[in-house]
Amino acid sequence: MGYKKRLLVLDDEPDIGEFVRDVAIESGFDALVSNSPEAFPSIYSNDIDVVVLDLMMPGIDGVEIIRFLAERGSNSSLVLMSGYNAGVLHSAQELASEHGLHVLGSLTKPIRYDDLERLLADAPALQMTRRKSEANLLEKPGVEELRAAIGNGEILPYYQPQLDIASRALTGVEALVRWAHPQRGLLPAGLILELANRANLLGDLTNCVLHQSLVQCRQWLEAGLKTKISINMSAEQFKDLELPSVLEDQLRNHHLDPAQIVLEVTESALMQELAKSLDTLTRLRMKGIALSIDDFGTGYSSLVQLHRIPFSEMKIDRSFVGNALVDDEALAIVKITIMLGHELGMKVVAEGIETQRTWDLLEELGCDSAQGYFIAKPMPGNQLLSWFHSRSS
Ligand code: C2E
Ligand code: MG
Ligand code: MG
């Protein structure tokens, strides 16, 4: 024992500062209050475990404090408070996360004892987070290891089913990259992509997933299962003018119809490269290959851009889908995306459906297809057939 977590609360209203301090002390913290944003930089030190921050203060606002903490390379966990609407808290939370800060959660004023107590109970001790991130660093495989893995078959796609919401029929599967590492076990997409990005291996990685997916699609077809397959592309690949003909050749070699593949690209990545990609995107569509805009709602596309690009499908990001039942703003985004997609003649897919209730909501809102743990988690190619037959029997 011996180690007591430390908390610093910054709020220009003394009453609220004291209230937070009292809850923190009850929760076993050493707690300190500051009522002056100007003095905060001199009071703050890097060994504070938790900072509770009021966003709206006269003079300096909370956003400036967030920037200060980011510049200091702070490891403290953050709790954000605001009397304004939830939208302000969301964007501040996002900003802090983008700066690499760890956000424990946010609270709308008036603050309830229970809510704050619950957040504080989840606060990791600083020493723990630091130790954990150091350990993670040691564990991560290296770039050369990834290069070898792409060549030796350790990189492979898992497949996650998508269902038509109205008929519940299987409409397609999304290929999601995994690394079957001989020592470390199955590694997730995020880690693989981060490495691939650093090593300029994103193109090789996607081609490796694409190739295996086409082989798999052919095998399923021969076993009597005809399904579309969605591949996640990096936006960079659409700048390659050869892509349409290369893909066409690959489809022909595997005796597959272009209508069986869907190329996904994330909204945020695509919009940065739009002008350079329009040529390739248009020709892909002309060849009958479907294009899907992934993680919709997290990027910044304008209505004009959406109208210009020849997309056939829109995938609503799972952060909105997952929260639609508890967060009015997430619900509004889901509703508007479905309407917008349909108006533009696109099919709309909801990602991240985890419960029956979310499925029911999306059905009610007229969404076309669904993907998520509620239906099935991503699985190896050789398990899809038995999953498929077990649900139809
Ligand atoms: P994405 O394309 O948006 O894929 C959906 C992600 O959500 C997948 O994460 C999937 O496993 C996860 N997911 C699906 N349903 C649920 C659910 O109900 N709950 C929760 N919590 N998560 C769910 P994954 O496999 O970790 O992939 C992350 C991202 O990595 C993908 O997001 C995609 O952008 C990227 N990615 C995956 N494979 C590839 C690839 O081969 N090439 C490229 N360039 N990117 C890839
Ligand atoms: Mg995707
Ligand atoms: Mg997505």
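The values are calculated or read from the model by the stated rules, or taken from the named source; none is laboratory data. Fair warning: this is a prediction, and the values are worked out from it, not measured in the lab. So basically every Cβ, Gly included, is an ideal-geometry build from the backbone, and we count neighbours across all protein chains shown. The protein model used for the area step is the full one, side chains on, heavy atoms only, and it has no ligands, DNA or RNA in it. Shrake-Rupley method; radii C 1.70, N 1.55, O 1.52, S 1.80 Å.
Leaving out ligands, DNA and RNA, and with a 1.4 Å probe, what % of the accessible surface on segment 6-130 is carbon or sulfur?
Taking all protein chains in place, segment 6-130 shows 49 percent carbon and sulfur surface.
Normalised radius of gyration for the chain, please: alpha carbon Rg relative to 2.2 N^0.38 Å, two decimal places.
The chain yields a ratio of 1.13.
Would you please name the chymotrypsin sites (Phe, Trp or Tyr not before Pro) within segment 264-353 that are DSSP coil residues with at most 11 other C-beta atoms within 10 Å of their C-beta?
Within segment 264-353, the qualifying chymotrypsin sites (Phe, Trp or Tyr not before Pro) (loop, at most 11 other Cβ atoms within 10 Å) are Y300.
Determine ³J(HN,Hα), in whole Hz, for all residues of segment 39-54 in sequence, where each value follows from phi through the Karplus function 6.51 cos²θ - 1.76 cosθ + 1.60 and θ = phi - 60°; x replaces Gly and Pro.
Here the 3J(HN,Hα) series is 7, 3, x, 7, 7, 5, 9, 5, 9, 7, 6, 9, 10, 9, 10, 7 Hz.
Please quote Rg/Rh for segment 226-273 to two decimal places, taking the Kirkwood radius as Rh and restricting both calculations to Cα atoms.
Answer for segment 226-273: 1.01.
Using a probe radius of 1.4 Å on heavy atoms only, what accessible surface per residue do you get for segment 6-130? Whole Å² is fine.
47 Å²
How high is the relative contact order of the chain, in percent, counting Cα pairs under 8 Å that sit 6 or more residues apart?
11 percent
For segment 296-367, what is one quarter of the convex hull surface built on the Cα atoms, given in nm²?
4.4 nm²
Mark the label point 7 Å from the Cα of D279 along Cα→Cβ and return the residues of segment 242-262 whose backbone N is within less than 20 Å of it.
242-249
Show me, for segment 8-17, the HN-Hα J-couplings you get by feeding each phi into the Karplus relation (A = 6.51, B = -1.76, C = 1.60, θ = phi - 60°), rounded to Hz, glycine and proline as x.
For segment 8-17, the Karplus curve yields 10, 10, 10, 8, 6, 8, x, 4, 5, x Hz.
Can you list the HN-Hα couplings for segment 116-122, worked out from phi with the Karplus curve (6.51, -1.76, 1.60; θ = phi - 60°), rounded to whole Hz and with x for Gly and Pro?
Ordered by residue, 3J(HN,Hα) equals 5, 4, 5, 4, 5, 5, 8 Hz.
Give the range of the longest stretch in the chain that excludes all GluC sites (Glu not before Pro) found in loop regions by DSSP and having at most 14 other beta-carbon atoms within 10 Å.
Within the chain, the longest run free of exposed GluC sites (Glu not before Pro) spans 39-241.
Which residues make up the longest stretch of the chain clear of trypsin sites (Lys or Arg not before Pro) that lie in a DSSP loop with no more than 15 other Cβ atoms within 10 Å, not counting the sites?
By the stated rule (loop sites, at most 15 other Cβ atoms within 10 Å), 288-393.
Per residue, how much accessible area does segment 141-392 show when a 1.4 Å probe rolls over the protein heavy atoms, in square angstrom?
46 Å²
Can you give me the % of accessible surface on segment 211-251 that is carbon or sulfur? Probe 1.4 Å, all protein chains present, nothing else counted.
Carbon and sulfur atoms account for 48 percent of the accessible area of segment 211-251.
How high is the relative contact order of segment 6-130, given as a whole-number percent (alpha carbon pairs under 8 Å, six or more residues apart)?
24 percent
Order the following by accessible area, largest value first: Y84, Y158. Probe radius 1.4 Å; ligands, DNA and RNA are ignored.
Accessible-area ranking of Y84, Y158, largest first: Y84, Y158.
Share of antiparallel DSSP beta bridges in the chain, in percent to the nearest 5?
Counting DSSP beta bridges with both partners in the chain, the antiparallel share is about 30 percent.
What is the percent carbon and sulfur in the accessible area of segment 281-393, measuring with a 1.4 Å probe over the protein chains and ignoring ligands?
Percent of accessible area from carbon and sulfur atoms in segment 281-393: 53.
So if I average 1/r over every pair of distinct C-alpha atoms in segment 247-352 and take the inverse, what Kirkwood radius in Å does that give?
Result for segment 247-352, one decimal place: 14.5 Å.
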